[in-house]
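Down below is the structure, laid out as structure tokens.
The values are calculated or read from the model by the stated rules, or taken from the named source; none is laboratory data. Not measured: the values here are computed from a predicted model. Because the Cβ atoms are built from the backbone with ideal geometry, glycine has one as well, and the counts that use them run over all protein chains shown. Heavy atoms of the whole protein, side chains included, go into the accessibility calculation; ligands, DNA and RNA do not. Shrake-Rupley method; radii C 1.70, N 1.55, O 1.52, S 1.80 Å.
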Amino acid sequence: MKKVALTGDRPTGNLHLGHLVGSLKSRVEMQNSFDQYIMLADVQALTDYFEKPQKIVDNVLEVIADYLAVGIDPKLSTIFIQSQIPELSELTMYYMNLVSLGRLERNPTVKAEIALRKFGESVPTGFLCYPISQASDITAFKAEVVPVGEDQLPMIELSNEIVRKFNRIYHTDCLKESAAHLSKTTRLVGIDGKAKASKSLNNAIFLSDSPDIIKQKVQAMYTDPGHVKISDPGTVKGNVVFAYLDAFYDEEEEISLLKKKYAQGGLGDTTLKSLLNDTLQKLLQPIREKRESLNKKDLLQICFCGTQKAKSVAKKTLFEVKSAIGINFFDKNLSDSN
Ligand code: ATP
Ligand code: MG
């Protein structure tokens, strides 16, 4: 039996280079050896986009197009839509009893996101609770591995706490703990130098960006404001161009030499940016072409089939969870409930 892997993305916009290095590449590598589930987290996205549902609706197929374009194969990975599996929300109800408000408020990723979204005192309850719904997504599929960026580590920690508490209180072993699978680049910086490239901040190079846009974005990247003349010594730390070369340029030795030369003085930003632009153009061209060849009807069919399969798995886990609590009043076994 293959181990299960699960991840998801909020359909809040097209996917970008941060997703590619933080999670998508691992998913492509893992799809042969894992029973892999990939979720369009539309319920989660609505926790902060509830006033703009159309944005989420429109982006579901966009994100699926990104998946296929980078090499996720729907024959090997099950792609599904969160909102179409109410069993996941039902699990969340039972897990909510196991998590204190204080525990949710201390989650560092959620704290940073609340500040970014300027919720102030009016944090939507659904938003604060989304890490609990993530625990439902992970445990519903008994995922052991979750290929994510480092912002997701607190979520996996909470999910494991819920698993341990549930199994202890209800004398069961039906829920499984999971572990994050981190890639080499656990957090890609934004093109503006901000800590994380993200859809919400619109500070990323998207997988669907045109060659011109990619070039413009590379040219606008933050380097070292003190590096005016080519001969000036430059700073490598915090230099976005080097951060992207580290993530996308395969020749590590060449990069070390370039860093040395830049720090000493004698290497211009234009040369460096042109190397990065060439690298990214080469990387993104086939992805963009594959993306453009896809049609919406096929994408919808892919996630329809994936959702059917995922639903039957989530239903089984929910049955086990309710059995452990003792509230399967009418369904004594799963076949009765079908
Ligand atoms: P939003 O701004 O709507 O939250 P996002 O860009 O943060 O969008 P998510 O859908 O929240 O993207 O994240 C999906 C996955 O991609 C997660 O596993 C997350 O860790 C990973 N990820 C997102 N941004 C980055 C990044 N800059 N570097 C590495 N991994 C990332
Ligand atoms: Mg995010």
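Being within 13 Å of ligand 2 (Cβ to nearest atom) and part of a helix (DSSP H, G or I) is the filter here, so list the residues in segment 117-152 that pass it. Lay out the reasoning, then the answer.
Initially, segment 117-152 is screened for residues within 13 Å of ligand 2 (Cβ to nearest atom), giving 117, 127, 130-131, 134, 148-152.
The answer is Phe127, Tyr130, Pro131, Gln134, Glu150, Asp151, Gln152.
From the list Ile132, Ile138, Ile85, Ile64, pick out the single residue that is at pLDDT 95 or above, crowded, with 20+ Cβ neighbours inside 10 Å and under 22 Å from Leu201 (Cα atoms). If you could, list the steps in order and put the result at the bottom.
On the way: Ile132 fails: under 22 Å from Leu201 (Cα atoms); Ile138 fails: under 22 Å from Leu201 (Cα atoms); Ile85 fails: under 22 Å from Leu201 (Cα atoms).
From the options Ile132, Ile138, Ile85, Ile64, the qualifying one is Ile64.
When you scan segment 252-295, how many residues do you find that are within 30 Å of Ala65 (Cβ to Cβ), polar (S, T, N, Q) and surrounded by 12 or more Cβ atoms within 10 Å (Cβ to Cβ)?
Within segment 252-295, the subset within 30 Å of Ala65 (Cβ to Cβ) is 273-295.
Cutting the leftovers down to polar (S, T, N, Q) gives us 274, 277, 279, 281, 285, 293, 295.
Cutting the leftovers down to surrounded by 12 or more Cβ atoms within 10 Å (Cβ to Cβ) gives us 274, 277, 279, 281, 285.
Within segment 252-295, residues that are within 30 Å of Ala65 (Cβ to Cβ), polar (S, T, N, Q) and surrounded by 12 or more Cβ atoms within 10 Å (Cβ to Cβ) number 5.
If only one of Thr78, Thr47 is in contact with a strand residue (DSSP E or B) (Cβ under 6 Å, 6 or more places away or on another chain) and either among the hydroxyl-bearing types (Ser, Thr, Tyr) or open to solvent by 20 Å² or more (accessible area, probe 1.4 Å) (or both), which one is it? Before the answer, list the steps.
On the way: Thr47 fails: in contact with a strand residue (DSSP E or B) (Cβ under 6 Å, 6 or more places away or on another chain).
Residue meeting the stated conditions: Thr78.
Can you tell me which residue among Ile214, Ile162, Ile114, Ile191 is part of a helix (DSSP H, G or I), within 16 Å of ligand 1 (Cβ to nearest atom) and in contact (Cβ under 8 Å) with a residue 12 or more places away in the chain? Spell out how you get there, then give the answer.
Working: Ile214 fails: within 16 Å of ligand 1 (Cβ to nearest atom); Ile162 fails: within 16 Å of ligand 1 (Cβ to nearest atom); Ile191 fails: part of a helix (DSSP H, G or I).
Of Ile214, Ile162, Ile114, Ile191, the one residue that is part of a helix (DSSP H, G or I), within 16 Å of ligand 1 (Cβ to nearest atom) and in contact (Cβ under 8 Å) with a residue 12 or more places away in the chain is Ile114.
Would you point out the residue of segment 10-44, among those that are within 18 Å of Ala204 (Cα to Cα) and open to solvent by 20 Å² or more (accessible area, probe 1.4 Å), that is nearest to ligand 2 (Cβ to nearest atom)? Lay out the reasoning, then the answer.
Start the filter on segment 10-44 by keeping residues that are within 18 Å of Ala204 (Cα to Cα), which leaves 10-25.
Subsequent filtering for residues that are open to solvent by 20 Å² or more (accessible area, probe 1.4 Å) retains 10, 14, 19, 25.
On the way: Arg10: 6, Asn14: 14, His19: 10, Lys25: 18 Å.
That would be Arg10.
Quick check: anything in segment 299-309 open to solvent by 30 Å² or more (accessible area, probe 1.4 Å), of a type outside the set (Phe, Trp, Tyr), touching a residue at least 24 places away in the same chain (Cβ under 8 Å) and not assigned by TED's automatic domain parsing to the domain that holds Gln82?
From segment 299-309, those open to solvent by 30 Å² or more (accessible area, probe 1.4 Å) are 300-302, 304-305, 308-309; that's our starting set.
Then keep just the ones that are of a type outside the set (Phe, Trp, Tyr); that gives 300-302, 305, 308-309.
With touching a residue at least 24 places away in the same chain (Cβ under 8 Å) added as a condition, the list becomes 300, 302, 305, 309.
Those left that are additionally not assigned by TED's automatic domain parsing to the domain that holds Gln82: none.
There is no residue in segment 299-309 that is open to solvent by 30 Å² or more (accessible area, probe 1.4 Å), of a type outside the set (Phe, Trp, Tyr), touching a residue at least 24 places away in the same chain (Cβ under 8 Å) and not assigned by TED's automatic domain parsing to the domain that holds Gln82.
Go through Lys2, Lys55 for me and flag whichever is outside any helix (DSSP H, G or I), open to solvent by 10 Å² or more (accessible area, probe 1.4 Å) and more than 14 Å from ligand 2 (Cβ to nearest atom).
Details: Lys55 fails: outside any helix (DSSP H, G or I).
Just one listed residue meets the conditions, Lys2.
Look at segment 226-260 and say how many of its residues are free of Cβ contacts under 8 Å to residues at least 40 places away in the same chain and within 27 Å of the chain's Cα centre (by Cα). Spell out the reasoning first.
Taking segment 226-260 first, the residues free of Cβ contacts under 8 Å to residues at least 40 places away in the same chain are 226, 228-237, 239, 241-242, 245, 249-260.
Now drop any that are not within 27 Å of the chain's Cα centre (by Cα), which leaves 237, 239, 241-242, 245, 249-252.
Counting residues in segment 226-260 that are free of Cβ contacts under 8 Å to residues at least 40 places away in the same chain and within 27 Å of the chain's Cα centre (by Cα) gives 9.
Please tell me if Gly326 is over 30 Å from Leu91 (Cα atoms) and either of a type outside the set (A, V, I, L, M, F, W, C) or exposed (fewer than 12 other Cβ atoms within 10 Å of the Cβ) (or both). Spell out how you get there, then give the answer.
Working: over 30 Å from Leu91 (Cα atoms): no; either of a type outside the set (A, V, I, L, M, F, W, C) or exposed (fewer than 12 other Cβ atoms within 10 Å of the Cβ) (or both): yes.
No, not satisfied.
All but one of (1) buried (at least 23 other Cβ atoms within 10 Å of the Cβ); (2) at pLDDT 95 or above; (3) not small (Gly, Ala, Ser) hold for Pro147, so report the exception by its number.
Just one mismatch for Pro147, condition (2).
Is it fair to say Leu201 is under 23 Å from the mean Cα position of the chain (by Cα) and in contact (Cβ under 8 Å) with a residue 60 or more places away in the chain? Give the derivation first.
On the way: under 23 Å from the mean Cα position of the chain (by Cα): yes; in contact (Cβ under 8 Å) with a residue 60 or more places away in the chain: yes.
Answer is yes for this residue.
What is the number of the single condition among (1) part of a helix (DSSP H, G or I); (2) away from ligand 1 (no atom under 16 Å from the Cβ) that Thr78 does not meet?
(1)
Given Ser200, Ser231, which one is assigned to a loop (DSSP other than H, G, I, E, B), open to solvent by 70 Å² or more (accessible area, probe 1.4 Å) and among the small types (Gly, Ala, Ser)?
Numbers: Ser200 fails: open to solvent by 70 Å² or more (accessible area, probe 1.4 Å).
After applying the criteria, what remains is Ser231.
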